[in-house]
Amino acid sequence: MAARGKVAAFNLPPLPTVGEIIKLFRLQAQKQLSQNFLLDLRLTDKIVRQAGKLKNAHVCEVGPGPGGITRSILNADVEQLLLVEKDPRFIPGLQMLSEAAPGKVRIVHGDILTFKMEKAFPKHLKKNWEDEPPNIHIIGNLPFSVSTPLIIKWLENVSKKNGPFIYGRTQMTLTFQKEVAERLTANTGGKQRSRLSIMSQHLCTVENRFVIPGQAFVPKPEVDVAVVHFTPLVQPKIQQPFELVEKVVRSAFQFRRKHCFRGIETLFPESERLKKTEELMMAADVDPTLRPFQLSMSHFRNLCNTYRKMCEEDPSLFAYNYREELKQKK
């Protein structure tokens, strides 16, 4: 019996184990979808703890699969759990979990890359961007094939304050291949410093929380997996549109082992490449002999701000595409 004055915490009733669900519905991880199941509920509990306190929270779980993390989220006593699952084979097992937690679970059979997150949560949960994050969380053990395009899409949403960030600074707790997680969190000069490092860190606080060995998954992937936590920043470190920042950063890292001016010059048409690159590097006060991974966030801020001014002086500049020019030459 619960102690007087205390409400008993929510607990799922006895259910088949995740392993038994996999056998019951004859579920097999599909290699082409880069699926890997996590069956150890101690690990799924640990992943969910990285999101912070979830009591009475609204959570969206991406790709729940056979429902290991789903159980841990429900046991954290959330108010509502939205499950977005692309693979129809997993829906019956998730419905079993939904029936065990009446009124708490909504299942959407769909692709998270196209799902309209703007309508995922109740409007009353919205917070101002400057306020503390809303009581909304995105959690997911992402298939490797979707993790990078999905985080880029969500970073664009952060920049534009739309999608799941229409509610405020929604926090995310997601899994990535260890190497991708290292890129997301790499510091200036680190060997994993990349486009992902700049795009994520200029918009969010990004923390690599812990690593899960590959053997914990079924089937065992060839790599280890890391759990990464994102909290959008109140002010981005580069105050420019997402598309402009991404273009500058992508260009800079195009030749990551060469001097940075070699990538930066791909921002400009061949006819004026040398002159414009020199102008940009000088105005941004960036040493052209630095390697791209040696450039700090303030270097990228200066490059983006200067490039923006150049685009305002010559509106055709932003539309220029280096790869298109290469194709036409060929």
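The values are calculated or read from the model by the stated rules, or taken from the named source; none is laboratory data. Fair warning: this is a prediction, and the values are worked out from it, not measured in the lab. Cβ atoms come from the backbone with ideal geometry, glycine included; neighbour counts cover every protein chain shown. What goes into the accessible areas is simple: the full protein's heavy atoms, side chains included, and nothing from ligands, DNA or RNA. Shrake-Rupley method; radii C 1.70, N 1.55, O 1.52, S 1.80 Å.
Confirm whether residue 300 is closer than 16 Å to residue 188 by Cα and in contact with a helix residue (DSSP H, G or I) (Cβ under 8 Å, 6 or more places away or on another chain). Taking the combined requirement at face value, the residue satisfies it.
Mind telling me which of the residues 205, 188 ends up being open to solvent by 10 Å² or more (accessible area, probe 1.4 Å) and under 29 Å from residue 131 (Cβ atoms)? Quick ask: steps written out before the conclusion?
Values: 188 fails: under 29 Å from residue 131 (Cβ atoms).
Criteria check complete, one pass: 205.
Among the residues of region 297-330, those identified as under 16 Å from residue 240 (Cβ atoms) and polar (S, T, N, Q) are 298, 302, 305, 306.
For every residue, the table says whether it meets (1) free of Cβ contacts under 8 Å to residues at least 24 places away in the same chain; (2) within 23 Å of the chain's Cα centre (by Cα).
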| site | (1), (2) |
| --- | --- |
| 219 | no, no |
| 237 | no, yes |
| 257 | no, no |
| 260 | no, no |
| 265 | yes, no |
| 269 | no, no |
| 282 | yes, no |
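Testing residue 248 on (1) buried (at least 17 other Cβ atoms within 10 Å of the Cβ); (2) outside the structural domain of residue 290 (by the TED database), one condition comes back false. Which one is that? Evaluating residue 248 over (1) buried (at least 17 other Cβ atoms within 10 Å of the Cβ); (2) outside the structural domain of residue 290 (by the TED database) leaves (2) as the failure. Using the structure shown, decide if residue 54 is surrounded by fewer than 18 Cβ atoms within 10 Å (Cβ to Cβ), at pLDDT 75 or above and part of a loop (DSSP other than H, G, I, E, B). The answer is no for residue 54.
Considering only strands (runs of 3 or more DSSP E) fully contained in region 66-158, which possess at least 3 residues that are surrounded by 21 or more Cβ atoms within 10 Å (Cβ to Cβ)?
80-85, 136-140
Considering (1) in the same structural domain as residue 134 (by the TED database); (2) at pLDDT below 95, the lone condition that residue 207 does not fulfil carries the number (2). The listed residues are 174, 196, 150, and the only one of them that is within 24 Å of residue 53 (Cβ to Cβ) and in contact (Cβ under 8 Å) with a residue 12 or more places away in the chain turns out to be 174.
Taking the numbered list (1) acidic (Asp, Glu); (2) at pLDDT below 90; (3) buried (at least 18 other Cβ atoms within 10 Å of the Cβ) in turn, residue 61 passes all entries but (2). Among the residues of region 284-320, those identified as among the hydrophobic types (A, V, I, L, M, F, W, C) and open to solvent by less than 70 Å² (accessible area, probe 1.4 Å) are 284, 286, 290, 293, 295, 297, 300, 303, 304, 310, 311, 317.
Residue-by-condition table, conditions (1) surrounded by fewer than 19 Cβ atoms within 10 Å (Cβ to Cβ); (2) in the same structural domain as residue 173 (by the TED database):
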| residue | (1), (2) |
| --- | --- |
| 211 | yes, yes |
| 214 | yes, yes |
| 219 | yes, yes |
| 223 | yes, yes |
| 227 | no, yes |
| 255 | yes, no |
| 260 | no, no |
| 263 | no, no |
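Sort out which residues of region 286-310 are touching a Ser or Thr at 6+ places or on another chain (Cβ under 7 Å) and assigned to a helix (DSSP H, G or I), and write them in order of number. Within region 286-310, just 294 meets the criteria.
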